[in-house]
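Following: one structure in structure tokens, then a few remarks.
The values are calculated or read from the model by the stated rules, or taken from the named source; none is laboratory data. Predicted model only: the values in this text are computed from it and were never measured. In this analysis, Cβ positions are derived from the backbone assuming ideal geometry, glycine residues included, and neighbour counts consider all displayed protein chains.
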Amino acid sequence: MRYKKLCENGPDVSVIGFGAWGISGKDWGKTDDRISETAIHAALDSGVNFLDTADVYGEGHSDRLIKKVLAERKRENVVVATKCGSDFYNFKDAQGNVVITPNYKKEYLIFSAEESLKRLGVETLDVLQLHSPSTDILNTDEPWEALYQLKKAGKIRFAGLSVQSFKENEQLDVISSHKELLNVLQVRYNLFERGGEEKLFPYCEKNGIGVIARIPLLFGFLTGKFNSASKFEGNDHRRFNLSPEKLKEYLAKLNEYETFFENNSNFTNAQLSLGFVINHPAISCAIPGGKTPLQIFENIKATQIPSKIYSSLGH
């Protein structure tokens, strides 16, 4: 495993982290908690020390799995990042089903952070990130006041923002106006989606702000296991994010990288794609999901890829 500073004055974190959305029991198809717990153990045993969750993942289910695993082993040096702003407590439809609703009011964010502390079984959240709010919301005071108050009270160590997808440059102005508070940004970044490289990454490097790369495998597309006939059922969010139209678009773009993958065939497409992300100098950590130990072990092999092979791709 390789390690980098999470942010200026931050802890060392593994360049490959563990994204916990996939083990939530929702949004990614069927999961088995016993296998999910084994996957977290496998990650930690392999040197992964950065776990990324969110309160809304399975309405707290990912948090509870993480708490259970950490209680079974030494907690030292494990950094747990979470997110807030997706309210699953207060809104239901006529049938009584939870309706997840953006809520960035100061009072709610403080409440939800307290609930995260309880679920994770900790006194301080290592990292708390606003969960992909719109630019309009970021231009209000309450989200920032909540982060400031929680930080001042010692409830969070590092404050962060999960930048809304494809708004990396649009949200830079508001990020800049709160740079004294922000320690980390989480950004959608992968081989196909590189908007952060233009302005945001250089800004973060200059100002000591860490960057966590989410969706580094593009919802699994960059593993190479999907084709134009792939379909997703039930509550799997990929019914939309990897719809037939999206798959067609991504498959066409994949042709641009065919030679790159062929020339480096001693690694899998997934490993090469992850390696591309973690070898960008601005990236502190990438957080691919992992439902099984095998997926974890395969992801970690990306750390063995020499950075020089990415020079032709603009690194």
#### Entry: Number of the exception - Asp63 against (1) among the acidic types (Asp, Glu); (2) buried (at least 18 other Cβ atoms within 10 Å of the Cβ); (3) part of a loop (DSSP other than H, G, I, E, B)
(3)
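Select from the stretch 72-112 the residues that are of a type in the set (A, V, I, L, M, F, W, C), more than 26 Å from Ser284 (Cβ to Cβ) and at pLDDT 95 or above and list them in ascending order.
Once the filter is applied, which keeps residues that are of a type in the set (A, V, I, L, M, F, W, C), more than 26 Å from Ser284 (Cβ to Cβ) and at pLDDT 95 or above, the stretch 72-112 yields Ile110, Phe111.
Out of the residues in the stretch 24-55 that are closer than 19 Å to Leu294 by Cβ and at pLDDT below 90, state the one that is nearest to the chain's Cα centre (by Cα). Show your work before the answer.
Let us first name the residues in the stretch 24-55 that are closer than 19 Å to Leu294 by Cβ, namely 28-48, 51.
Narrowing further to those that are at pLDDT below 90: 28-31.
On the way: Trp28: 15, Gly29: 18, Lys30: 20, Thr31: 19 Å.
Per the criteria, the residue is Trp28.
May I ask you to list the residues in the stretch 80-103 that are touching a residue at least 40 places away in the same chain (Cβ under 8 Å), under 22 Å from Thr124 (Cα atoms) and of a type outside the set (Lys, Arg)?
If we filter the stretch 80-103 for residues that are touching a residue at least 40 places away in the same chain (Cβ under 8 Å), which is where we start, we get 80-86, 100.
After this cut, where a residue has to be under 22 Å from Thr124 (Cα atoms) as well, the list is 80-86.
Val80, Ala81, Thr82, Cys84, Gly85, Ser86 - these are the residues of the stretch 80-103 that are touching a residue at least 40 places away in the same chain (Cβ under 8 Å), under 22 Å from Thr124 (Cα atoms) and of a type outside the set (Lys, Arg).
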### Summary
Checking Asp45, Asp33 in turn, the sole residue that is farther than 30 Å from Ile305 by Cα and either in contact with a helix residue (DSSP H, G or I) (Cβ under 7 Å, 6 or more places away or on another chain) or without any contact (Cβ under 8 Å) to a residue 40 or more places away in the chain (or both) turns out to be Asp33
### Query
Taking the stretch 232-269 as the region of interest, how many residues are of a type in the set (S, T, N, Q), closer than 19 Å to Ile215 by Cα and in contact (Cβ under 8 Å) with a residue 24 or more places away in the chain?
3
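Return yes when Lys301 is under 23 Å from Val211 (Cβ atoms), among the charged types (D, E, K, R) and within 22 Å of the chain's Cα centre (by Cα) and no when it is not.
Values: under 23 Å from Val211 (Cβ atoms): yes; among the charged types (D, E, K, R): yes; within 22 Å of the chain's Cα centre (by Cα): yes.
Judged against the criteria, Lys301 is a match.
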#### Entry: Count of the stretch 78-99 residues which are assigned to a loop (DSSP other than H, G, I, E, B) and surrounded by 12 or more Cβ atoms within 10 Å (Cβ to Cβ)
5
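Conditions tested, residue by residue: (1) of a type in the set (A, V, I, L, M, F, W, C); (2) touching a Gly at 6+ places or on another chain (Cβ under 9 Å); (3) more than 30 Å from Val98 (Cβ to Cβ).
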{"residue": "Phe221", "(1), (2), (3)": "yes, no, no"}
{"residue": "Gly224", "(1), (2), (3)": "no, no, yes"}
{"residue": "Asn227", "(1), (2), (3)": "no, no, yes"}
{"residue": "Leu242", "(1), (2), (3)": "yes, yes, no"}
{"residue": "Tyr250", "(1), (2), (3)": "no, no, yes"}
{"residue": "Lys253", "(1), (2), (3)": "no, no, yes"}
### Query
Could you list, in sequence order, the residues of the stretch 273-313 that are crowded, with 24+ Cβ neighbours inside 10 Å and over 24 Å from Asn183 (Cβ atoms)?
Ser273, Gly275, Phe276, Gly290, Ile296, Asn299, Ala302
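Return the residue satisfying two criteria in turn: it lies in the stretch 243-286 and is assigned to a helix (DSSP H, G or I) and among the hydroxyl-bearing types (Ser, Thr, Tyr), and of such residues it is farthest from Val187 (Cα to Cα).
Step one: of the stretch 243-286, the residues assigned to a helix (DSSP H, G or I) are 244-263, 269-278.
Now narrow it down to the ones that are among the hydroxyl-bearing types (Ser, Thr, Tyr): 250, 257, 259, 273.
On the way: Tyr250: 19, Tyr257: 22, Thr259: 27, Ser273: 16 Å.
Step by step, filter the stretch 243-286, then rank; the result is Thr259.
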### Subset tally (residues that are surrounded by fewer than 22 Cβ atoms within 10 Å (Cβ to Cβ), in contact with a strand residue (DSSP E or B) (Cβ under 7 Å, 6 or more places away or on another chain) and charged (D, E, K, R)) for the stretch 152-188
3
### Task
Filter the stretch 1-49 down to the residues that are part of a helix (DSSP H, G or I) and of a type in the set (S, T, N, Q), then identify the one that is surrounded by the fewest Cβ atoms within 10 Å (Cβ to Cβ).
Thr38
